1. Tell me, what is the per residue accessible area of the range 69-163 in Å², probe radius 1.4 Å?
2. What distance in nm lies between label points placed 7 Å from Cα along the C-beta direction at ASP139 and ALA37?
3. With r defined as the distance between the Cβ atoms of VAL12 and ARG113 and R0 fixed at 22 Å, what FRET efficiency is calculated, to the nearest 0.05?
4. Which aspartates and glutamates have a Cα less than 19 Å from the Cα of LYS154, not counting those fewer than 8 places away in the same chain?
5. Counting alpha carbon pairs within less than 8 Å and at least 6 residues apart, what relative contact order, in whole percent, applies to the chain?
6. Rounded to two decimals, what is Rg over Rh for the range 119-160 when you use alpha-carbon atoms and the Kirkwood radius?
7. Taking the structure as given and computing log10 I(q)/I(0) by the Debye sum over Cα atoms at q = 0.11, 0.14 Å⁻¹, which label from (1) -0.83, -0.97; (2) -0.57, -0.81; (3) -0.64, -0.79 fits?
8. Restricting things to alpha carbons, find the Rg to Rh ratio for the range 58-105 using the Kirkwood radius for Rh.
Amino acid sequence: MDTPQQPTSETVLRMSGGTKALVWLTLGAAGAGLGFALPWLLQRIATWPIPYIDALKFLGSFDAPLMVIGRPAVLALIGLAIAFFITYEAAELTISDTQIRIREGDDARIVTRAQVGGVYRKGGKLRIESVEGRILFNDDVEGGGVAIERAFTKHGYPWEGAA
């Protein structure tokens, strides 16, 4: 006698809070470091034939205390803004036995189980294709190759990877 199969819980693949914090810290620190190093860098490249080099040298020549502190602070904020954009737009996949919910920033869509013809990694990205071969999703997903494969095979999706 067949017993009905219990649906498994959802599996979520997303960027962890620790990874987000690392991205924010790295890009914020890179911006601040660039702010401190900008005058030195501009002195080094002053001899190169770069358009508008005089304007860049002028911007890097300010040595007032406000500029010495302000330049790294502004560039750190720019780095944090870029980091926020990167982490906010990172794909989040919620996988269940019946559907895959894909969220990227404010955009969300659902791919039903019947639409999925194959799932595999290509060039470091996860690719979900329809039965007809149309690409339904092709982007980076956090979690690592083994965890991503397990998430899809756990829910019975056709994983097309090396065994």
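The values are calculated or read from the model by the stated rules, or taken from the named source; none is laboratory data. Fair warning: this is a prediction, and the values are worked out from it, not measured in the lab. No Cβ is skipped: glycine too gets one built from the backbone with ideal geometry, and neighbour counts run over all protein chains shown. Side chains are part of the model used for accessible areas, which takes the heavy atoms of the whole protein and leaves out ligands, DNA and RNA. Shrake-Rupley method; radii C 1.70, N 1.55, O 1.52, S 1.80 Å.
1. Averaged over the residues of the range 69-163, the accessible area is 55 Å².
2. Between ASP139 and ALA37, the simple spin-label model gives 3.1 nm.
3. About 0.85, to the nearest 0.05.
4. Qualifying aspartates and glutamates at Cα under 19 Å: GLU10, GLU92, ASP97, GLU129, GLU142.
5. That works out to 24 percent.
6. Working: Rg = 9.8 Å, Rh = 10.5 Å.
A ratio of 0.94.
7. Here log10 I(q)/I(0) by the Debye sum over Cα atoms at q = 0.11, 0.14 Å⁻¹ agrees with entry (3).
8. Values: Rg = 19.7 Å, Rh = 13.9 Å.
So for the range 58-105, dividing Rg by the Kirkwood Rh gives 1.43.
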